[in-house]
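To start, the structure under review is shown below, and the notes come after it.
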Amino acid sequence: MKEFNITYLLWTTFLLSLIAGCGGNREVNVHQIDAQMARSSKPDKLNALMFNSAMMQNVDPNADYVIGSEDLLEIDVFQAEELKRTVRVSSQGYIGLPLIGQIKAKGLTPLQLEAEIVEKLDRYMEEPLVSVYVKEYKAQKIGVIGAVTNPQVYAVTGQRYLLEMLSLAGGLTKEAGSICYILRPLNAEKQGISKTETIVVDLTELLERGNITLNIPVFGGDVVNVPKGGIFFVDGAVNKPGSFQIQGKTTLVQAIAVAEGLRYEADRSDIKILRDNGEGDRVVLTADYDAVRDGGSKDILLKENDIIIVPKSGVKNFLSGFLNTVRGIVSFGARLY
């Protein structure tokens, strides 16, 4: 009698599972996904690399420094002791030297000022050798804003570099993107208008690949802006659905890998990418995962706020659900004896 009841229960469950499996897959609420989007963590190694980047600094920290008002300069002319001077740059940016008179120092690096002095002394001396040393730096203000731990305006002295300023601001937050902007005011005194230059730095290239040429000097008046990174969302038959941060150029295959791969019941040939068209609607892109992975189709480059939907295959979903149900029933039946 017990055997009959167990057999009957198995067949009943099979039929119910068949009916449920034919009912289709779970519907995805796109609006709910939009509302749930949250930013993922920035890899900790980026900050670790940044804080240990002393070796990435230029050998001569004074080489790229731009002289400013109120700086104290020590000027030496070889074998001309009477021309040696320690002078402070005026608020208008000028210094006064024997034989030369007034010369503008503000906006020049020490090397550039040396060349200017040499050119003016050429008429009085044969091949003059000039050295300019910044003896005292006037504090300069550099802003660091965006996705950093302590965004604010910092008063610093001497030549500073991008990584130094990011470290001074406490490093990047988990929301930081892979791009950094440096907003630099241009000298537009003659035009009488204010202009700003925007310098774009790829932080991934700088921090992960060690391209030290991107660790550029920053100057007084610069604003370092680290914007938040874009995100994408993966839902459906993946092992780890959720929102993730776009790291550089992220493709569909990479996004699936970040979501820890497809589940057994995934419909690999009908993956959907819902993309904002900029007009409040979403366009739908369809991809065959296996064809893309095997090189038969081109991988799709993701954009900010893309939603990847991995549907379940009807047959696979039914088989997976039925096997799990049968395992549960057999386990329950064993306990009846």
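Summary table below
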| quantity | calculated |
| --- | --- |
| Criterion violated by Lys141 - all others in (1) assigned to a loop (DSSP other than H, G, I, E, B); (2) closer than 24 Å to Ala176 by Cα; (3) basic (Lys, Arg) satisfied | (1) |
| Of residues in segment 236-265 being of a type in the set (Ser, Thr, Tyr) and buried (at least 17 other Cβ atoms within 10 Å of the Cβ), the one nearest to the chain's Cα centre (by Cα) | Thr250 |
| Residue that is modelled with the lowest pLDDT, among those in segment 296-316 that are of a type outside the set (A, V, I, L, M, F, W, C) and either more than 18 Å from Gly261 (Cα to Cα) or in contact with a His (Cβ under 8 Å, 6 or more places away or on another chain) (or both) | Gly314 |
| Selected residue [at pLDDT below 90 and not in a loop (DSSP other than H, G, I, E, B)] from Leu319, Leu274, Leu285 | Leu319 |
| Counted residues, segment 73-114 - those being in contact with a strand residue (DSSP E or B) (Cβ under 9 Å, 6 or more places away or on another chain), outside any strand (DSSP E or B) and small (Gly, Ala, Ser) | 3 |
| Every pair of residues 6+ apart whose Cβ atoms lie under 6 Å, when the first sits in segment 219-246 and is within 27 Å of Val153 (Cβ to Cβ) while the second is β-branched (Val, Ile, Thr) and in a strand (DSSP E or B) | Asp222/Ile142; Asp222/Ile182; Val224/Val144; Val224/Ile182; Asn225/Ile145; Val226/Val148 |
| Condition met for Leu183 (surrounded by fewer than 16 Cβ atoms within 10 Å (Cβ to Cβ) and either touching a His at 6+ places or on another chain (Cβ under 6 Å) or touching a residue at least 12 places away in the same chain (Cβ under 8 Å) (or both)) | yes |
| Residue in segment 115-125 that is at pLDDT 90 or above and part of a strand (DSSP E or B) present | no |
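The values are calculated or read from the model by the stated rules, or taken from the named source; none is laboratory data. Small disclaimer: the values here were computed from a predicted structure and weren't measured. No Cβ is skipped: glycine too gets one built from the backbone with ideal geometry, and neighbour counts run over all protein chains shown.
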